[in-house]
Amino acid sequence: MIEITDLHKSFGPKVVLNGVNLSIAKGESMVIIGGSGTGKSVLIKCIIGLVKPDSGLIMVNGKDATKGDRDEFLEQFGMLFQGGALFDSLSVWQNVAFRLLRGPHKRSKEEAREIAIEKLRRVGLRPDVADLFPAELSGGMQKRVGLARAIAANPAIIFFDEPTTGLDPIMSGVINELVREIVVEMGATAMTITHDMSSVRAIADKVAMIHNGVVQWTGPIGEMDNSGDPYLDQFINARAEGPIEAVR
Amino acid sequence: MFILSWFFGFLAAVGRSFTALLAAIGRISFFMATAVSHVFRPPLYPRELGQQLLQIGYFSLPVVGLTAIFTGGALALQIYSGGSRFNAESVVPSIVAIGMVRELGPVLGGLMVAGRVSSSIAAEMGTMRVTEQIDALTTLSTNPIKYLVVPRLLAATLAMPVLVFIGDTLGILGGYLVGTQRLGFNAAAYLKNTWDFLEAEDIVSSLTKAAVFGFIVALMGCYHGYNSGRGAQGVGRATINAVVSASVLILAANYMLTEVFFSS
């Protein structure tokens, strides 16, 4: 479904992606791990077209991601941003129904609101939240609204950028469960970036670790603990000593 | 030897600044061309345009109106005091009218709106950039230039002439009030003098300047906000750059438009 071949991206002299190769099958939940500044977010942004790669190939459903109709391409995706990225000037339901109120598949206001409330309910929020504004919500609620927005148009591919950052452990657990349930229920292909190992274990079918701009290790979640890869071992066991320098 | 190396260092610094200036002009021109091209391509967002007309036009009215009325009053006092040195007090109504409509109305209105609107657009869009809201728009199949920039550019370009027209009128009213209440002018004669001296070209130039200034205000706010750096500092810098560049460009554009309209 998503096939990344020899992807390179630099910002000035700083090489961020240095030949990333990665394959994600349809309906699979891939979690990308790696230290801060190793290019995980850049990788996702390259796939979705927010950042232009220097070279390499990104194929989504057999089509080159950099060519063809952009709107049609983006319709396949939903994305939960790290900070929620909710639009301050719009109410919660308008945020969730943003895509449904515009574009070629535009619905009536009433229908869009109904779908938004249903999606809010799906992520555990009551209908009375619909008319609040993002600034009136807690961090956990904002994440849920962001999740509801990501799934509002039933996308085939969902990206989660650090879905549990800034949340307490209980709320992190709730979001992890929601992400997993929704991915399974929708049959969507998911790609999640996280540092949170409890998220990795809750969400992943497969794991890929990025280090020094390349995929250092990739494999099923069941093999992660016994991979024998010293980089992955150091990272998942949160050890200061090992091949990854603690100070970058 | 030291002087020579200092001289080459100085030349290099000047060259770097000049290259940076050209690069900035290129980036702004490209941004402007992209935004303007989207004005003529659907979809347009009428709801966002309406909101921006309200924000930029209606809510700027008190600032522009108060600025104009006090400027008109002060202008009347200054012209009266200056004119009395060579017995030309009677020119107060005509100079107030021409001064307000040709120059002070559009320029001061433009500068006030630059302070209020450019900063607000830059801060809002800068925050949207920093909090990934602009990226989120893209992932939701919405072009951020079309959704955020075009309505602001259109609203400012359309609202400024209306604002300046009201400002011009209030400025003349300020002069009229000071002239009749403080300086002892006859009300009917004051109005007649004002009306007789104003020409259609004055009003056309005023409204044209206003539309151009509105475009500049929104363009600078959008450009700096859209390309804001990271964090609170980045947004703060974007806001300052937006106001300063909009103000300088308004004054430069004012000179050029005055040349175009009145050089003959």
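The values are calculated or read from the model by the stated rules, or taken from the named source; none is laboratory data. Just so it is clear, the model here is predicted, and its values are computed rather than measured. When we count neighbours, we look across all protein chains shown, and the Cβ atoms used for this are built from the backbone with ideal geometry, even at glycine.
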Every residue in the stretch A:34-52 that is under 15 Å from A:GLN82 (Cβ atoms) and outside any loop (DSSP other than H, G, I, E, B), please. A:LYS40, A:SER41, A:VAL42, A:LEU43, A:ILE44, A:LYS45, A:ILE48
Residues (under 20 Å from the mean Cα position of the chain (by Cα) and among the hydroxyl-bearing types (Ser, Thr, Tyr)) located in the stretch A:210-238: A:THR218
Sole miss for B:ALA136 among (1) buried (at least 22 other Cβ atoms within 10 Å of the Cβ); (2) closer than 14 Å to B:ALA211 by Cα is condition (2)
Quick check on the stretch B:206-225. Is at least one of its residues in contact (Cβ under 8 Å) with a residue 24 or more places away in the chain and either more than 18 Å from the chain's Cα centre (by Cα) or not assigned by TED's automatic domain parsing to the domain that holds B:ALA156 (or both)? no
Of the numbered conditions (1) more than 14 Å from every other protein chain (Cβ to nearest Cβ); (2) surrounded by fewer than 22 Cβ atoms within 10 Å (Cβ to Cβ); (3) of a type in the set (Gly, Ala, Ser), B:ALA97 satisfies every one except a single condition; which is it? (2)
Kindly establish whether A:ILE4 is closer than 22 Å to A:HIS211 by Cα and away from every other protein chain (no Cβ under 14 Å). yes
Looking across the stretch A:69-109 at residues that are within 20 Å of B:THR131 (Cα to Cα) and of a type in the set (Gly, Ala, Ser), the single one that is farthest from the other protein chains (Cβ to nearest Cβ) is A:SER91
Does the stretch A:194-208 hold any residues that are surrounded by fewer than 22 Cβ atoms within 10 Å (Cβ to Cβ) and either in a strand (DSSP E or B) or among the polar types (S, T, N, Q) (or both), and which are they? A:SER198, A:LYS206
Name every residue in the stretch A:168-183 that is surrounded by fewer than 20 Cβ atoms within 10 Å (Cβ to Cβ) and without any contact (Cβ under 8 Å) to a residue 40 or more places away in the chain, in order of residue number. A:ASP168, A:PRO169, A:ILE170, A:MET171, A:GLY173, A:GLU177, A:GLU181
Looking only at the stretch A:50-85, filter to residues that are touching a Ser or Thr at 6+ places or on another chain (Cβ under 8 Å), crowded, with 17+ Cβ neighbours inside 10 Å and of a type in the set (A, V, I, L, M); which one of those is nearest to A:ILE193 (Cα to Cα)? A:MET79
Those residues of the stretch A:17-39 that are on the phi < 0 side of the Ramachandran plot and either within 14 Å of chain B (Cβ to nearest Cβ) or in contact with a His (Cβ under 9 Å, 6 or more places away or on another chain) (or both) come to a total of 7
What is the one condition in (1) in the same structural domain as B:TYR223 (by TED's automatic domain parsing); (2) closer than 17 Å to B:ARG152 by Cα; (3) surrounded by fewer than 13 Cβ atoms within 10 Å (Cβ to Cβ) that B:ALA33 does not satisfy? (1)
Could you check the stretch A:42-68 and list, in sequence order, the residues that are away from chain B (no Cβ under 14 Å), out of contact with any Cys (no Cβ under 8 Å at 6 or more places or on another chain) and of a type in the set (A, V, I, L, M, F, W, C)? A:LEU43, A:LEU57, A:MET59
Of the residues A:ALA135, A:ALA152, A:ALA112, which single one is of a type in the set (Gly, Ala, Ser), under 18 Å from the mean Cα position of the chain (by Cα) and within 14 Å of chain B (Cβ to nearest Cβ)? A:ALA152
Expected output for the stretch B:182-201 (first residue free of Cβ contacts under 8 Å to residues at least 12 places away in the same chain, partner polar (S, T, N, Q) and buried (at least 16 other Cβ atoms within 10 Å of the Cβ), Cβ below 7 Å, 6+ apart or cross-chain) is B:ALA187/B:THR180
List the helices (runs of 4 or more DSSP H) that sit entirely inside the stretch B:61-136 and contain at least 2 residues that are within 22 Å of B:MET256 (Cα to Cα). B:92-98, B:105-113
